[in-house]
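One structure follows; several queries about it will come next.
The values are calculated or read from the model by the stated rules, or taken from the named source; none is laboratory data. What you are looking at is a predicted structure, and each value in this text was computed from that prediction instead of being measured. For neighbour counting, all protein chains shown are included, and Cβ atoms are generated from backbone atoms with ideal geometry for every residue, glycine included.
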Amino acid sequence: MSSSDEHIYAPKLRRGNFVGFKTLVMRECHRFLRVWNQTLVPPLITTVLYILIFGYSLGSRITEVQNVSYMEFLVPGLVMMSVIGGAYQNTSSSLYIARFHGNIQELLVSSMSSFEIVLGIILGGVARGICTGVIVSIVAVVMAGVQILHLPTALFFIVVVSLAFASFGFLSGLWAEDFDRLSLFQTYVLTPLTYLGGVFFSVGMLPVIWQKIAMANPILYFVNGLRYAFLGISDISLPVAIVTVLFAAIVPFIACCVLFHRGYHIKT
Amino acid sequence: MTPAVQISKLDKRYPDVTALDGIALEIQPGDFYGLLGPNGAGKTTTINILTGLCNKTAGDVAIFGHDIVDDYRDCRRLVGLVPQEFNFDVFVRLRHMLVFQGGFFGLSRSICEARADELLAEFDLTDKADTQLRNLSGGMKRRAIITRALMHRPKILILDEPTAGVDVDLRRSLWQYLRRLNAEGTTILLTTHYIEEAEALCDRIAIINEGCIVAVDTTRNLVARLTTEAVHITLAVPSTNGMLENFDDLQVEATAGSNEFTVTFDRRQTSYHSILERLIATGVRIDNIRPAGNQLEQVFVSLTKQ
Ligand SMILES: Nc1ncnc2c1ncn2[C@@H]1O[C@H](COP(=O)(O)OP(=O)(O)OP(=O)(O)O)[C@@H](O)[C@H]1O
Ligand SMILES: [Mg+2]
């Protein structure tokens, strides 16, 4: 097994297949950047509309929330919503379509480990989450005249939340057997949790019983974490929000690695 | 020498089907190996297990000595797969697909680009390099899927029905390419439904039926196994029944009043020579005489029919 191997191009891998991994991350980014008008512009439009309706027009009739104007209060939640949507959609559609067309096999037959494949696809989603988050932040900050108090904390939440929802997207892309089911998770779980996740209100505004229920919604922690980073106010203490978001990212990520390695819904 | 492929006691069970039932197979480096079998016999399943697209139920499989489960990455870099069905991202451009695929095998960008251009030229696809895969014709997609498998110059190339739906010209040129690749040292495993293709290309053949290997031999020996011969005979004028009585001891198929008939006989008991002698003795005029059917095809049919 030495000289006869020489005509093979593919390198024998001692550590990891870093080139393969890099190629995959680039392909995943290429995928959403190529159709930027379908991936990056829509969340921007949504955010601008929310700011126009809830911020400029209705916002003036709503009293200050925790000493900031309603408009300012809204901005971090809107950013978080677009980060969640971007990260989730990228991995769920990429993986579902790759299963549907069968081109997931291009990766399965290559000399990449299943961990590298999972991480590569998920980092594509993280990249989209970050891109969306940054673009939306810039526009929202400019329109609403908000200043970001703790930039590193803001970036931390944007990155880790992207990782969490890229992993959830990966799981639903693996699980869905048809196109309708792909949107089920988004319709029944993601959208309600996001809208009830404190984007538009502070938990203190809810009746006591609903306050308790709202505390079970992880998205509440992410939105408040980012709101703390932007404005210095939060319904949730920062360490609790950090632990929650780390947990929400790591558990589904491990699930992705285990299921993919076993070939769940991708190998017969 | 380490076999290129070693399969032993391989089982694959789906909830309601046993696709493979204790398969054993050994392919030597440099072989041009054919895997033949009727629809649903388990060819694709075997290939998918070799390439990591399907999880085996039981058994051992190794590629050049590497276990396909424990050393899967070492296996993958040695293998190139041309799958039975097109599995492209149809919106990607052909050349991009090739460059990405090389990248997944760990090849640098510059090697990938050079190799992609070399293969595109080789397969006459250079002017389609920037076309999305969905806009290629069936034959072009076939060539594209073969180039993709060759990007990393695999040591063993596995082709699952590579010439299905391909025109005669393309089939001949693919044959030529595969022969050359094999002569240059690439081990090839091929499945096909065209017996003629297996006979033309493969040195060794395994016949698989309902998840079991029913024969493994060199192509030549398999053909030699055939003891029943059949000849088609065409007469210049329609035969009379009296003439056919001469062949009563043999199996004769003829339609009354027709000038064509088929004689089937056992080579161990009857010779071609005696058939001809008896024909001539009846005084008929022979217009044409030729062996009926492809010989390997007859072996195949006799081994796989229930
Ligand atoms: N995903 C699956 N789930 C259940 N049964 C399957 C699956 N894939 C294949 N089979 C069954 O396994 C058996 C072998 O199929 P396989 O695809 O290996 O046949 P093949 O020899 O490649 O046939 P063909 O010449 O038609 O391509 C068939 O009975 C098939 O129905
Ligand atoms: Mg098949």
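Which residue pairs have Cβ atoms under 7 Å apart, sit 6 or more places apart or on different chains, and have a first residue in segment B:24-42 that is over 18 Å from residue B:182 (Cβ atoms) and not assigned by TED's automatic domain parsing to the domain that holds residue B:300 and a second that is charged (D, E, K, R) and outside any loop (DSSP other than H, G, I, E, B)?
B:24/B:9; B:37/B:43
Of all residues being in contact (Cβ under 8 Å) with a residue 60 or more places away in the chain, polar (S, T, N, Q) and closer than 24 Å to residue B:9 by Cβ in segment B:46-97, which is nearest to ligand 2 (Cβ to nearest atom)? Just the residue, please.
This residue is B:46.
Tell me which residues, restricted to segment B:141-160, are more than 10 Å from chain A (Cβ to nearest Cβ) and out of contact with any helix residue (DSSP H, G or I) (no Cβ under 8 Å at 6 or more places or on another chain).
Passing the criteria: only B:145.
May I pose another question? Report yes if residue B:138 is over 22 Å from residue A:117 (Cβ atoms), more than 8 Å from chain A (Cβ to nearest Cβ) and within 22 Å of the chain's Cα centre (by Cα), otherwise no. Reasoning before the result, please.
Working: over 22 Å from residue A:117 (Cβ atoms): yes; more than 8 Å from chain A (Cβ to nearest Cβ): yes; within 22 Å of the chain's Cα centre (by Cα): yes.
Judged against the criteria, residue B:138 is a match.
Among the residues of segment B:42-88, count how many are of a type in the set (Gly, Ala, Ser), crowded, with 24+ Cβ neighbours inside 10 Å and away from ligand 1 (no atom under 16 Å from the Cβ).
Here is the first cut: in segment B:42-88, the residues of a type in the set (Gly, Ala, Ser) are B:42, B:52, B:58-59, B:62, B:65, B:80.
From the residues that got through so far, the ones that are crowded, with 24+ Cβ neighbours inside 10 Å too are B:42, B:80.
Pick out the ones that are also away from ligand 1 (no atom under 16 Å from the Cβ) and you get B:80.
Qualifying residue count, segment B:42-88: 1.
For residues in segment A:97-121 being crowded, with 20+ Cβ neighbours inside 10 Å and of a type in the set (Val, Ile, Thr), which is farthest from the chain's Cα centre (by Cα)?
Filtering first and then ranking leaves A:109.
Collect the residues in segment B:1-24 that are within 22 Å of the chain's Cα centre (by Cα), within 16 Å of ligand 2 (Cβ to nearest atom) and not aliphatic (A, V, I, L, M), keeping them in residue-number order.
The answer is B:12, and nothing else.
Can you tell me which residue is farthest from the chain's Cα centre (by Cα) among those in segment A:241-268 that are more than 18 Å from residue A:158 (Cβ to Cβ), loosely packed, with under 15 Cβ neighbours inside 10 Å and more than 14 Å from chain B (Cβ to nearest Cβ)?
Only one residue fits best here, namely A:258.
From A:134, A:139, A:146, grab the single residue that is closer than 26 Å to residue A:240 by Cα and part of a helix (DSSP H, G or I). Break it down into steps so the answer makes sense when it comes.
Details: A:139 fails: closer than 26 Å to residue A:240 by Cα; A:146 fails: part of a helix (DSSP H, G or I).
So the residue among A:134, A:139, A:146 that is closer than 26 Å to residue A:240 by Cα and part of a helix (DSSP H, G or I) is A:134.
Please list, ordered by residue number, the helices (runs of 4 or more DSSP H) wholly in segment A:1-91 having 2 or more residues that are closer than 23 Å to residue B:115 by Cβ and charged (D, E, K, R). Steps first, answer last, please.
Working: elements: A:18-34, A:36-39, A:41-50.
In segment A:1-91, A:18-34 are the helices (runs of 4 or more DSSP H) which contain 2 or more residues that are closer than 23 Å to residue B:115 by Cβ and charged (D, E, K, R).
Please verify whether residue A:61 is over 30 Å from residue B:65 (Cα atoms) and within 8 Å of chain B (Cβ to nearest Cβ), treating the condition exactly as stated. Even if it seems obvious, please write down each step before you answer.
On the way: over 30 Å from residue B:65 (Cα atoms): yes; within 8 Å of chain B (Cβ to nearest Cβ): no.
It is false that residue A:61 is over 30 Å from residue B:65 (Cα atoms) and within 8 Å of chain B (Cβ to nearest Cβ).
For segment B:163-190, name all the residues that are modelled with pLDDT of 95 or more and within 16 Å of ligand 1 (Cβ to nearest atom).
Within segment B:163-190, B:189, B:190 meet the criteria.
A follow-up question, please. Restricting the first residue to segment A:28-56 and requiring it to be under 22 Å from residue A:98 (Cβ atoms), which pairs with a second residue that is in a helix (DSSP H, G or I) and among the hydroxyl-bearing types (Ser, Thr, Tyr) meet a Cβ separation below 7 Å and a spacing of at least six or different chains?
So the pair list comes out as A:28/A:94; A:31/A:94; A:32/A:39; A:40/A:132.
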